[in-house]
Amino acid sequence: MTKRAGLAVAVALTFSMLGPAVRADVMPGDKITDQNMDKVKDLISPGMEWCIKRGFPMTIVEPKRIEWPKAYKEATEKYSGQVKLAPDGLSVQNFVAGQPFPTLDPKDPQIALKIMWDYEYKFNPTDDLDLRNFDADTGAVGDHGPMSIERHFLLDHLRSQFWTGRLYVDPKPEKPNPNGYRSQLGLYPVLEPFDLKGVGAVGQRYIDPSKQDDSWLYLPSLRRVRRLSTAQRSDALFGQDTDV
């Protein structure tokens, strides 16, 4: 799903929960920009307002229900009843696949932790992810108007593999996992800009919450692999506001 499509879906869900009188101000097919944002200003989140002000148009679509994939729904129905939250909230016990906590009680003191675990085991992705030849821009975003692009990146390949909670590709629901991985990810090589050509990153996350992520960065200019600490994943890289 593209970012624009995702924003359109989010808006559809927002309007589906509003009354008929509010709906009359916008119609499916309407395009909302910074020029006519007042039509929906009271109906959208501050985050959406921020995006629109900076050149991210929003297209109004008919509301529709977003269903879970069949395999994810069936796994949730089959396994969620046995899932328990660890006493410290840092792990889930007896998880196999699907959403661990489909039924939430607003009065549950652990509801926030359960929501976070539901997000961790969301239905997209569940098995593997593969994306090739995609680009990205970095730059400054001012108070108003679109982003000022400073550097354009072209990346050859992003791939990730989940070891647990698998639904579609054998072996499932879990790969033989002697290292206790939750997931592994690789992003390499960088194709553009030229001064960063060949840079790549790999990382792995563990099921055990006491084990920090492992991340490495290959720098062809140095012909060295640099290990990144978990804290460094929020550091800026390549002279840009880019992190891993």
*Hydropathy first: keep DSSP H helices in the chain averaging at least 1.0 on Kyte-Doolittle, then drop any whose Cα extent along the axis falls short of 15 Å, and list what survives.*
3-16
*Return His157, His144 ranked ascending by Cβ neighbour count within 10 Å, so the fewest neighbours appear first.*
His144, His157
_Starting from the 7 Å offset along Cα-to-Cβ, what nm value, one decimal, do you get for the label separation of Glu150 and Asp213?_
2.2 nm
_Spin-label model distance (nm) - Trp68 vs Asp235, 7 Å beyond Cα toward Cβ_ = 4.1 nm
*asked:* Can you tally the net charge around Ile149? Count Lys and Arg as +1, Asp and Glu as -1, for every other residue whose Cβ sits under 12 Å from the Cβ of Ile149.
replied: -2
*Sorted from fewest to most neighbouring beta carbons within 10 Å, what does the list Lys78, Lys107 look like?*
Lys107, Lys78
*aspartates and glutamates whose Cα lies under 13 Å from that of Lys114, excluding same-chain neighbours fewer than 8 positions away*: Asp88, Asp105
*Using distinct alpha-carbon pairs, which all enter the 1/r mean, Kirkwood radius of region 128-234 in Å*: 16.0 Å
*Computed FRET efficiency, Cβ-Cβ of Ala136 and Lys41, R0 41 Å: what is it to the nearest 0.05?*
0.85
_At q = 0.10, 0.13 Å⁻¹, what log₁₀ I(q)/I(0) does the chain have when each alpha carbon counts as one equal point scatterer in the Debye sum?_
-0.69, -1.12
*asked:* What does the net charge come to around Trp68 if you take all other residues with beta carbon closer than 11 Å to its beta carbon, with K and R at +1 and D and E at -1?
replied: +1
*Normalising by the residue count of the chain, find the relative contact order in percent from Cα pairs under 8 Å and 6+ residues apart.*
11 percent
*Helix-only [θ]222 nm of the chain, DSSP H runs n ≥ 4, -39500 (n - 2.57) each, per residue, nearest 500*: -5500 deg cm²/dmol
*Give the span of region 70-120's Cα atoms along each principal axis, as three whole-Å numbers ordered largest to smallest.*
30, 20, 17
_Label-point gap, in nm, between Asp105 and Tyr119 - each point 7 angstrom along Cα→Cβ_ = 2.3 nm
_To make sure I understand the rule: partners must be lysines, Cα under 27 Å from the Cα of Lys53, and not fewer than 8 residues away in the same chain. Which ones qualify?_
Lys3, Lys31, Lys39, Lys41, Lys64
*Take Leu90, Leu113 and order them by how many other Cβ atoms sit within 10 Å, fewest up front.*
Leu90, Leu113
*Express in nm, to one decimal, how much length is gained between Leu158 and Thr59 on full extension, taking 0.36 nm for each residue of separation and deducting their alpha carbon distance.*
32.8 nm
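A short reminder: the numbers here are calculations on the coordinates, not readings from a lab. Not measured: the values here are computed from a predicted model. Using ideal geometry, Cβ is built from the backbone for each residue, glycine included, and neighbour counts are taken over all protein chains shown.
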